[in-house]
Structure formats: structure tokens, C-alpha cells
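The structure appears below as C-alpha cells.
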Amino acid sequence: MKRYSVFAVAREALRHHTGWERAWRSPAPKRRYDVVIVGAGGHGLATAYYLGKNFGITNVAVIEKGWLGGGNTGRNTTIIRSNYLQDASAAIYEKARSLYETMSQDLNYNVMFSPRGVMMLAQTQHEVRGYKRTAHANLLQGVATEFISPARVKELVPIIHLEGPRYPVLGALWQPRGGTARHDAVAWGYARACSAMGMDIIQQCEVTGVRTENGQVRGVETTKGAIDCAKLGIVVAGHSSVLAQMAGFRLPIESLALQALVSEPIKPCMDVVVMANTVHGYMSQSDKGEMVIGGGTDGFNNYTQRGSFHHIEETVRALIETFPMISRLKMLRQWGGIVDMTGDRSPILSKTPLEGCFVNCGWGTGGFKAIPGSGWAMAELMATGASPLAAEFSLSRFREGRFIDESVAAGVAH
Amino acid sequence: MSARLATYGRLIDRTSKLDFTFDGKPMMGFEGDTLASALLANDQMLVGRSFKYHRPRGVVASGAEEPNALVNLGEGARFEPNQRATTTELFGGLAARSQNHWPTLEFDVGQVNSYLARFLPAGFYYKMFMYPRSFWKHVYEPFIRQSAGLGQPPKERDADTYEHFHVHTDVVVAGGGVAGLIAAKAAAQSGARVLVLEQNAHWGGRAPVDGGRIDDWPTDGFVERLVKELEGMANVTLRARCMVSGLYDHGYVLGYERVSDHVPGAEGPRHRLWRIRAKQVIVATGAIERPLAFAGNDVPGVMLASAMRDYLVNWGVAAGERVIVATNNDDAYRTAITLKKAGVEVLRILDARETGGGALMEEARRLGIRIDCGRAVGKVTGGKRVKAVQICAHQGAGGALEEVACDAVAMSGGWSPAVHLWSHCGGKLTWDDTAAMFRPDESRAPTGADGKPMAVATGAANGAMTLEAIAADAFAAGRKAAQAAGFKLKRASAVKADPAPESAIEPVWMMPARARVGLRAKAWLDYQNDVKVSDVQLAAREGYESVEHTKRYTTLGMATDQGKLSNINGLAVLADTLGAAIPAVGTTTFRPPYTPISMGAIGGEARGEVFQPLRRTPMYDWHAAHGADWEPVGQWRRPFAYVQGGEDVHQAVNREVKNVRQGVGLLDVSTLGKLLVKGPDAGRFLDMLYTNMMSTLKPGKCRYGLMCNENGFLIDDGVVARIDEETFLCHTTTGGADRIHAHMEEWLQTEWWDWKVYTANLTEQFAQIAVVGPKARQVLEKLGGMDLSKEALPFMDWKDGAIGNFQARVFRISFSGELSFEIAVPASQGLAFWETLMEAGREFGIMPYGTEALHVLRAEKGFIMIGDETDGTVIPQDLGLGWAISKKKDDYLGKRAQERSFMASPDRWKLVGLETTDGSVLPDGAYAVAEGSNANGQRNTQGRVTSTYYSPTLGRGIAMGLVHRGPDRMGEVIEFPGTDGKTYSAKIVDPVVYDKDGEKQNV
């Protein structure tokens, strides 16, 4: 892998950039790998990357039905934060956030992680108490957050309207080291690094079956032929239940469309990420200048990655209340992504009833921010059979009633 | 230079002059101009700067596909960035400012990027700016952000209003060009209700500019007559300035009407969003001309051939004096012919096709225009406007054969049907190799709820590119849509246009065909985002081969025109580089809206005070007049406390608490949910909903009940009163009323649909007032009426009767530990009853109290509050509420879940009281620490504060919390580190700190 740097760009400029090599190879699948990961989204690629980097396992294939990074990795609103309430969540999201801080250097690919700060507005007394509780929890979890006053909110976000007639801003939970990153670059950076380690990323290859023998995974059937493996990781978000069915077990997952939109680009006017859960909406400004807006999930299960109108109406309305200036901006584009929701809205990182088969799913509306932490934990789980970061996210928690419920802290939005 | 001609201009009214400014420069235009046509008429070729390289840019198109001519429009509360000049109707006093430059449009420092373009190819930022690490946030990114973006952010609150229309119709026609109008009439003749929406202010689309004859009429006359006819049909509605912005599931269509953008400040809404349910949608959205990708195709003065024709015919503006036309198809000859006839010098037509065109070419030749076949633009020279064209052989690498000075270039790369609407909701496309275009695949139309096609594409949007084909196609489409909408077709005569055959297009994705690399790096695809042919080729070389990867890596098609202008060129270049067929590469996904729509329109009327419905109790105004400090609780607003002269909120709360404990207080509890559950199976139903046994409750009695979800967690609580054998009244929390009603209905409708029960939410039918305190009975007895003695109405009984002159229902229940009557009267009587109580209570020192005093009172008694002691992870057993869980029932919602191993574990955190060792108030939400850290390095915890208050009754802080095995650890002191840096020590105590035996409430 040729390193990227300003010097490399300058050198290539002299020959009109004709000398750049492929960011990742496009190989035909081999007959057999030590590990097959299904799903070349952020989580799948990160899993492969840390299998190689942390455990030296590089005989790995990452299989992707469409194009890599084309699912939720390329559809989310790019928010990175770790101000979660429950210990297990805070641990894995904080691990992820800290890995994001050095990801560009680690991957030699600028993922543009920008610790611009994430703010969650408190607009009811109930929310004030909830966020104060989160701040206390974060204190003991080693996650730097604080509950800030309305005046400080205004200082950080000059375009905000504090004294909305219905839900005045009473304060906010502030995580200064949260932020955003360039979502596609995360997938591309991992893909390039995986490929450089000799792993095969196989796009346009759909898994059509899981082969098993005596309760042990043996490989997968794909549209590009059968591939054997000793260990199988299923990391396919919205379609997890479909893959699990092929592998012969069921997952407590429902799939829903989550709505998002962007405005036309304008000059910088908002540096931080603001989430307003009482009124249901969140917004940040991308480096391109677009206001990136996230809304809620459609009220019915489906697999269609399409924008619908009803939710964005509610979201935009809420954000006009919060940031009146956006009323005269225009919506450029809206879209939907399929989120995989568990009963407690927390992920599953787990062994499965099928020996050698592992799942990583259920990230729901909050997957992007978790990518490196999720990959780190999943790699450890697959390589060694256990990971402290993943321990509480096992499938057995549903049977035991050991829920990790963030709804109290997170409201609707992630 | 560009200038207004004395003739032409079918859309302008030369008698009505309009003054406007551009970058402060005064200019003049006519009624009927667009901002773009008016700018061109004033020879303003340079109108903006591109996004990345800050290249000087001019108007390139005449419609929604315009990528360059975006302006900051208006001032103050009516300011709007990124307004497209080509679709902005001119009005008197319009003030436009150009965007994305510093300090001026003419001299922009940012243009240095353009000189460095070679060092800034697609995706350069992924490869650099990584060291030192902190520089991304503090140096590189701020710089990138500042030079990106386009228009300025609005600063003020929007002065305009917006509204929504809700419409049901049989057929929506998107587009009022000839195709749309013909289809509309054909559909309407069946009797179907037809709604025709046109994005522009004028009907007929391109046809009046392009000429031809339909039904023996010239196109403009045909359009005029047809519009008049449609206006006369009762079942047809026509709306101009109303764009169909999106097609969604099940025939849901959004129309975006720009009601007063052209008359700012006019009365009424600025935009109106039409929310339409249609049985069928006719997609008659026309086609968009493609640019040609030659070097310097972005120099101001290079324009789409069709746009140059539009400016001339519609607005009487010639884009230049000496024009060169470059094309690969016949249509651009129309531009040359029109220009020539208007007296503009047409220096040359460069036709990439070796054999040139057909009849139109002959006509151009007859007019004396020189036509060079097999020739191409090698390069356009000029900075802020076109100076010359270097002509080359199209099949070469771009070696200049000749340089011709000119001041404008008209280009045409062929046409792409506007298939956006067709594609929004799953309609698929097919590649037409002959016509070199993606067009709708009729066999894979978007489908409605019934799985049948819900859209019909027609006209140019359907790939019909001649007037003759369009007329025939549109007539058939209208009839097809009507039939699909369930209407019987009547006999009608088809619409016929005169044939005007054209010779075939030759696809040209790069000009010249083998352009050398230096030229490819100057051949623009996406103008606004500065994506060139070389960028797409770079993406392909680096493995970003999927069209979505290419798009995201290069930003092709991500600008405000969303790729309308040249996405097809881009993906054809990609296909060519990959050696793949264009259909194999495919398109990126078309997403709504078709063109950007205002956030204001999406939000509609609901803003400010009416952002959400404000629910008021009948006593709302009284509270407001008596110092209420409001707290939003769901859509309600409840008094947090009543602040009296001089005191602060905290002092008010303390006063209110003391007054209840010592005298008598009034609380407005009207917001509590009141759900009526009635029917022969009502008892059985409530036994499933509540953990308690409700079916055994006797009429006249009340019982405190708990509701859990399927996962066993406590979701609501409240008092259930049995009204009669078949009727229960279930009280819920304020926030729970709607949610619990929905919860009940969900179970009734999906699981127990055969049970004979119905529910009704009576919350707003009653005003409910709690009269609380040792003197409560005295106040009520003073009013006279029903017997409220302990014997006649014991604790946890209810009774209907009279209190004074009011018909009331009285519940002997208490959430404060004091003697308490909760009294419901009809909502209409609420205020009168409240005032009567205040009057009667005056001698007893009666005072109203708010939600905070309510919280303190209940916390002193150790009563739990949903949302404080519960958070979706707490089961009743955690809260010492095992007594409220019936052991006799086979089942209730949550029972099975509560039997799971972790739920039944003794190691759960359980409810206790917490008493600080120094009497201080514990911080909200603090956690109690335990020894050591967990495997992830987090401090171990053993409990947390759920409610914490200052108790004026006890004169110190009181708190409740959940602590690991708490009830077994009474007297133990545990520590709570606060976010304020202090550590609080608290003793584990009984949660009930006031009147443990309940003597006060039971009097």
C-alpha cells in the first residue's frame, strides 16, 4: 500500500494523477478463508481490520451484497458521541470515540473526525434530571461530559432560539469531544487497510445460504460460489434476521426505515452537533456546508431504503422551532436507511447457537458512532471467544432479562 | 456581449419595467423576466463562483438544472441563500448578491484553488491533512469549511408564513408542458378528477420555443386553447408555480407551490405544500439537455443550446453576438437557426457526427451558417467570459486545427428524460442505446398499495423526443392513467402533431473523443462541485467503481442541482473508463425532492405558539393570573409553583408544601389520564393490563394499580375506580394518558380482539381538583352537599354527589399522605368550582400548589413517581411494590418477563430512602460508588438517586434511590460523587420519612 500524504498528492499532480493505485483490490473469492465476514459496511470492515491488526488473522474475506459502505455506513448523519447512560454502552461507544480520534493516522486515510462537540438539549424538567443523571454516570465511566446552562448553550450555538414559546431550553448535556466524521471515508479507509493486509473484499456477492455440519459453521453459499470458513461473522444490520434464518436461528430484531435529510450548503453557521429530543430532531453542519438533519423511524417494519414524508415534517418543524433561521433554507435531499432494532435498543455482539458463527447487529439508530469500538470488540470475540466490551451485549441477555436500555437517556434520537 | 434584442421575448412585457440590483449594481428588466434573463439582458455574464475552485461562472441553463447562477436573495427576515436565478421571477426592487467569493465576485481570493486545481483532484482531502493530528480540527477543517458552503446563512426569524393543503384526487399530472396538458385532457375526458401541476409560471413547457404544429395549430396557440379548455372543465384543477417535488409510497405526492416568491411580502403564505393522495400519477416532467464535456465548458458564455434558445425566444435576450454551436444531435440546429433569424452571428456549427444532421442541418445551411461535421470544441479560452474556441477533430486528442474568436458557445450533448419522479418510489429505468438516454421502463413502474403501477410516464420524460411522438404518447398516457384509476374511457379523438424527423444522435461523453489528459482536467461534468472528466477517471482508477462510490468520492451529482445537468455524462465517462456498458454501471438513486424545497414549507403553519397543540386545563388562565411558573408536561403546561410577590420559586415550593401539611392546598390534577374501560370483559381485560387483580374490585371502591409492558418493566400507575359491574375508570399519569390509551387499544385490537371491551379517553371531559391537607374536609363541608365523613366516604372509596351547587365525583385517595379528596366535575364547571373552593377555603388559609410541591409531598411519603423511580428498566419488585402484584392471577402483561433469572435475582437495585449525613440535598441522578472498577475500567457502582428534594417538613434533604440489595442494608452509609466535584455521603433509610403509619391520610 502506497502511503497517502501531501507529498504523494504533489508527486501525483505532476503526472496528472495517473499513478494512483487502487484503494482496495477486487479479487475473486478463494475457496476457503479462516474467517468470513458477511457485510462490508463499517462494522464488518472494522471487524476484519482489528482481526488482522490485533490478532494477526488476515486470511479473511469480507463479502458484500452491494457496494462496500453502501448501507447505513453511507446513510447516517455521522454523529459520534459516547454520552450513554448504561455502563456497557458507555464503554463500547467511548472505546469507539477514542479510536475515531486516531483513525485517520491509524488507517492513513483522512476520515475527518472532527471533535466539534455534541450537545443534547434539555427542554423539560424531566430531561434536565435525566441528563444530570447521565452526567453523573459518565463521570464514573470516564466519559467527559457536563450539564451546561442555557447561556453556555447560546454561546456554543449562536443560531439557537432558547426561549421557544413551547419548550424553552433549560440546559444541555455537553460532550466536547464528540463530533462527526466523514462516513464514507470510514468504510473506504478500513477497506483499504484490510486489503493492504491481504484480506479479500468481495463486492457484488450475495450470501444465499449458510453451510453447517453438526451444529458447526462450515461456510457460506454465495452468488459467486461456495466459500468455506472456520468462523463466520454476520454483520449486516437491517438484514441480520435474514442471514440468521439461513444460519438456522432467530434474532430479536425488527427492521425499520430511519429518515434523514440535508439542506443546501451554506457558509459555516453552526460548529457543534445539537440534538433536541423533546421535540424530536437533531442537526449539524457538514464540512460542505449542508445542514445534516436526522429524524425518527417510520412507524412500521420494512426493508425499503426510501425517504418518507411524515417524519421529516415533524423533524423539520421541531428544528425550525429550535433554529428559526433554517426556515428559509431548502431541503436538498432526503433518504432512508434500514435500522435493526432490538427489544432494548442496544446492540447484539454475540456467539450464536451455531458454533463458530457470531453476530454483530442491532445498532439501531446509533451504529455509525460505534464502528471502531464494535469492530474492536467483535474481532476480540471472534478471535478469543470473549470480549469485555461485548460481554453484556450477548444474545442471552434477552432470555435472562438483562436489558441494556438507553431509552431513558436517549429519547428517540441517537 | 449579451444583450436584450428589440424583438422576440414572448414572456416579457416591455411596457412594465422593473428595477433590481445585482451586487448593489442597479439594473433594469421587464415583467416576465427571470433573474437570469434579466442579468443576461444587462450583460452580466459572470454571476457566481464554483464550490471548490471558485471558478468564475455564468448562467449555463434556463431551468431547474442550473448549477451556477445561485444568489443570495433579499434582505433581513426575507433573506434566502442559494436562490436559483433561472427559476426566480423578477420583481421590482429585487436585491441579489452573488455567492461564494471574497472579497468580490470579480476578484476572489479563493480562485487560488483554481490555479492549484492540479493539486486538488477528487478526494484529495482523504489523502492529506492528517498531520499533526490537532490541525484537522483547528486549522485544516475551519479553512475547508470557510471556503466551502455557498450562500450566507439567514440571520433573522423568517417573516413569511407557510401552509399545507390536503388533497385527494384521481390523477395528478406532474408537468404542464404539451405532454402534461394533452394527457390531462385525455384523462379528464373519462370523468376522473385531474390535478395538473406546473413548476413554472407558464404553460406549455418547451414547445412554444421549439415550434412545430399540433392539431393544425402552432404550439403556442395550441397550448393557449388547451389550457382554456381545461380551465373550463369542472373536474380539472390547474396550478402553475407548483412543482411536484416527490412521489412516495401509495400514491402520496407532494406539490410545492411558490405562492408569493414573485411578489414578496404579499398577503398569504409564501409557499404552500400540497399533500396529495392520487390514484395515478402522470409523469410529464420533460427532459433536460446535457452539456458537452470539453475543456473550458464552464467559462461564462458557454451555455446549453436549448437555454440560449429559451433566452432569445422567451425573453428577447441574445447570450452573445458571435456564437459557435457545438452538438452531437439535431436539436441544437434549432438554436443556430433561431439565433441566425434574430440577427445574431452564428460563426460555426461544430457537429461531432461525421455525417452531420438531417433536415434541420439543411435548413441551417440554407440560412448560410457554416457547418463543420466531425469537428469538435478542443478548448474554450477566456476567464470571465468566452474569448475564442479552439476547433479540433472530434475523433482526435484535441490538437487545435483553428481558433475562432467568439463571445458565446451553445452546446448540446443530447437530452435526458427527467425521470426523477418516476424513480423516487421504485420505478426502474431502461437504457435506450439509440437515443442514448435512460428512460422509464414501463414494465417496472412504481407500484401502489395494490401492487399495481401507480405512475405513467409520458412525453419527453418518457423518451418521446419529437412533437409527433409526444402528442401521441401523451394522449395514450392520459387514457391509461384514467383507466388505471378506475374510470371508463369514452371515445375521443387522438391528438396529432406534424412530423419533423430528426437524424440520430451520436453519443459524445467527452469532447474530443480521445481528449488528452490536460483537456480532461478542464472538462467539467458537475459544474457546481467542480467535478471534471479526469476526476471520474481517477475514481475509477482507484477502485471507486460503483457509481455510488464514484459519486461520493468525487461529489459528482451532490450539488444543489443534484446531478440534473450532467450526471448522465459523468456515469457514461465512468462506464467508458471501466470498459463497461452504461446500463451496467447504472444511475445513482434519485431522491426527493426534485428541486430543493423550503424548510418553511415542510414545517407548514405549526410554528411558535402553535408549534404543537397547547393543552390547557379549564383553570389554566386562573393559574396564569396567579403567578404560575409553567412546566411543560407533554403537550400540557402545569404550574411548577405559584410564585407570590418577592419570593423565588424555591421559596414558593416550600411555602406550598408547608401549607398542605398544616392547612389545606388545592392542586389541579385535570391532566391526569382518565380512561373509561367498559364492557362484559372489562374486568378480565384490566386483570391482564394491571399487575393487580382488578376484576374483584367492588363498585364504589378504588385501587392503586401498576401497569407493566411485555418485558416486565413498570410503565404507568394510577388509581382504578370501579363505577359499576361493567365499568372502570382508570387514572393514568399525565404523560401516560395518550400512550396508555393506545397501549390498551393495541392489545384489544391485535391480541384480544374478541373480548367485549371498549375504551374511551375522558381526560379532557373532566376538571379534577385535589383538595389536600388536614383542613380539607372543613373546606368541603362548608360548601355543603354530600356526606364526606370518614364513615360515609372512607379512604379508597369514591362517590357521586353534590358539593355545594356542583355535581361531583369524589375520590378518597391521597398522593401526599394527607387527608385528600380528588374531586371531578364536568370540565365546563372546573374554573367555577376551583374559584368556589378558593373562596370557601380562604378562612382556612387555602393555597394552590404546583407540581414541585406535589413531588416533595409524595417523596416525603415514599411514593414512587413514574419517570423518576422508573426509567424503563425498573420492575415493581424493585420498588417494594410486590404487594400490588396479584399472586392469584394466571397471567398479566409482564408476568413471564419478571420471572426471568435476572429479574428475579436478589442482586437487583431496590428502592430505599437516602439521608445525607449532613442534611444536604443529594444531586439529581448521582450514582453510589462501589469498590474497584469493572473490566472496561469504569468505576463500579451500587446504586443511584432517583428523586431528591429539600423537605421543608423535615428541614433537610430527602431522597429516594435504587441501591444494590438496598432494603437489606438499612443504616449503611454509601458515597455519591457529584459532578460538582464533591462527594456526598448518605445513609440507607426507609423511603417513608413522614407519617409512616398513614394516620394522616386516613382520618
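Pairs of alpha carbons in the range A:259-324 separated by more than 19 Å make up 33% of all such pairs. Only helices enter this figure: runs of n ≥ 4 DSSP H residues, each worth -39500 (n - 2.57), summed and divided by the residues of chain B, yield -6000 deg cm²/dmol at 222 nm to the nearest 500.
Magnitude of the charge dipole for the range B:3-115, about its Cα centre and with charges confined to Cβ atoms of Lys, Arg (+1) and Asp, Glu (-1), is about 200 debye.
Per residue of peptide B:726-733, the mean number of Cβ atoms on other chains within 10 Å of the residue Cβ is 0.
Annotation: amide H-H contacts under 5 Å for residue B:238 (H modelled 1.01 Å from N, sequence separation of 5 or more, or interchain): B:196. The range B:815-851 and the range B:61-139 have Cα centres separated by 63 Å. Computed from backbone phi with θ = phi - 60° and the Karplus coefficients 6.51, -1.76 and 1.60, the 3J(HN,Hα) list for the range A:370-386 is 8, 2, x, x, 5, x, 4, 5, 5, 5, 5, 4, 6, 7, 10, x, 7 Hz; x is used for glycine and proline.
Could you tally the net charge around residue B:466, taking each other residue with its Cβ under 13 Å from the Cβ of residue B:466, Lys/Arg +1 and Asp/Glu -1?
Values: positive: B:206, B:213, B:334, B:496; negative: B:210, B:330, B:331, B:468, B:473, B:498, B:502.
Around residue B:466, the charge tally is -3.
Among the chymotrypsin sites (Phe, Trp or Tyr not before Pro) in the range B:677-762, those placed in a DSSP loop whose Cβ has at most 16 other Cβ atoms within 10 Å are B:752, B:753, B:755. Can you pull the Kirkwood radius for chain A, inverse mean 1/r over Cα pairs, to one decimal in Å? Across chain A, the inverse of the average 1/r is 21.8 Å. Restrict the search to the range B:435-491; then list the trypsin sites (Lys or Arg not before Pro) that DSSP places in a loop and that have at most 11 other Cβ atoms within 10 Å of their Cβ. Within the range B:435-491, the qualifying trypsin sites (Lys or Arg not before Pro) (loop, at most 11 other Cβ atoms within 10 Å) are B:488, B:490, B:491. Positive-end ranking of B:937, B:893, B:951 along the dipole of the range B:873-967, with charges on Cβ about the Cα centre, is headed by B:893. Normalised by the number of residues in chain A, what is the relative contact order in percent for Cα pairs under 8 Å and 6+ residues apart? It rounds to 23 percent for chain A.
Of the GluC sites (Glu not before Pro) found in the range B:73-143, the ones in coil according to DSSP and having at most 16 other Cβ atoms within 10 Å of their Cβ are B:75, B:106.
Using only C-alpha positions, report the orientation-averaged shadow area of the convex hull of the range B:3-115, nm², one decimal.
7.3 nm²
Computed over protein heavy atoms with a 1.4 Å probe, the accessible surface of the protein assembly as shown works out to 34 Å² per residue. Average 1/r across all pairs of distinct alpha carbons in the range B:906-1003, invert it, and you get the Kirkwood radius: 14.0 Å. Backbone N atoms of the range B:742-756 closer than 19 Å to the 7 Å Cα→Cβ label point of residue B:890 belong to residues B:748, B:751-756. Taking every residue in A:308-314 and counting other chain Cβ atoms within 10 Å of its Cβ, the average works out to 5. Its residue count N fixes a reference of 2.2 N^0.38 Å for chain B, and the Cα radius of gyration divided by that reference is 1.23. With viscosity 0.692 mPa s and temperature 37 °C, the Kirkwood radius over alpha carbon pairs of the range B:395-463 converts through Stokes-Einstein to a diffusion coefficient of 221 µm²/s.
Given the C-alpha centroids of the range A:294-328 and the range A:230-290, what is the distance between them in whole angstrom? Value for the Cα centre distance between the two parts: 14 Å. Relative contact order, whole percent, for the range B:673-765 stands at 39, derived from Cα pairs under 8 Å and 6 or more residues apart.
Amide H contacts under 5 Å for residue A:33: A:228, A:229, A:230, restricted to partners 5 or more places along the chain or on a different chain, H placed in the peptide plane at 1.01 Å from N. Counting only other chain Cβ atoms within 10 Å of each residue's Cβ, the peptide A:107-118 averages 4.
Each other residue within a Cβ distance under 9 Å of residue B:361 adds +1 if Lys or Arg and -1 if Asp or Glu, for a net charge of -3. Sequence-distant contacts, meaning Cα pairs under 8 Å at least 6 residues apart, place the relative contact order of chain B at 9 percent. Per residue, the convex hull spanned by the Cα atoms of the range B:752-853 measures out at 140 cubic angstrom. A convex hull fitted to the Cα coordinates of the protein assembly as shown yields 186 cubic angstrom per residue.
By the scheme Lys and Arg +1, Asp and Glu -1, what is the net charge of all other residues having a beta-carbon under 13 Å from that of residue B:416?
Net of charged neighbours comes to -2.
Looking at the range B:86-230, the pairs of alpha carbons with a distance over 24 Å make up 63% of the total. For the range A:253-264, 3J(HN,Hα) computed residue by residue from phi via the Karplus equation (6.51, -1.76, 1.60; θ = phi - 60°) reads 10, 10, 10, 9, 8, 9, 9, 8, 7, 10, 8, 5 Hz, glycine and proline entered as x. A simple rule links phi to the HN-Hα coupling: the Karplus curve 6.51 cos²θ - 1.76 cosθ + 1.60 with θ = phi - 60°, which for the range B:69-84 gives 7, 10, 10, 7, 10, x, 9, x, 6, 10, 7, 8, x, 6, 7, 7 Hz, with x for Gly and Pro. Label zone of residue B:491 (point 7 Å out along Cα→Cβ, amide N under 16 Å): in the range B:171-193 this covers B:190. Put a dot 7 Å past the Cα of residue B:115, heading toward its Cβ, do the same for residue B:134, and the two dots end up 3.2 nm apart.
Choose one of B:819, B:222, B:192: the residue whose Cα lies farthest towards the positive end of the charge dipole of the protein assembly as shown (beta-carbon charges +1 Lys, Arg; -1 Asp, Glu; about the Cα centre). About the Cα centre, the residue reaching furthest to the positive side is B:222.
A dipole drawn for the range B:3-115 from +1 and -1 charges on Cβ atoms has a positive end, and of B:37, B:74, B:21 the residue lying farthest that way is B:37. The longest stretch of chain A left intact once loop-based GluC sites (Glu not before Pro) with at most 12 other Cβ atoms within 10 Å are removed from consideration, loops following DSSP, is A:164-414.
The values are calculated or read from the model by the stated rules, or taken from the named source; none is laboratory data. All figures in this text were calculated on a predicted structure; none of them were measured in a lab. FYI the Cβ positions are ideal-geometry reconstructions off the backbone, even for glycines, and counts take in every protein chain you see. Heads up: the accessible areas ignore ligands, DNA and RNA and are worked out on the full protein's heavy atoms, side chains in. Shrake-Rupley method; radii C 1.70, N 1.55, O 1.52, S 1.80 Å.
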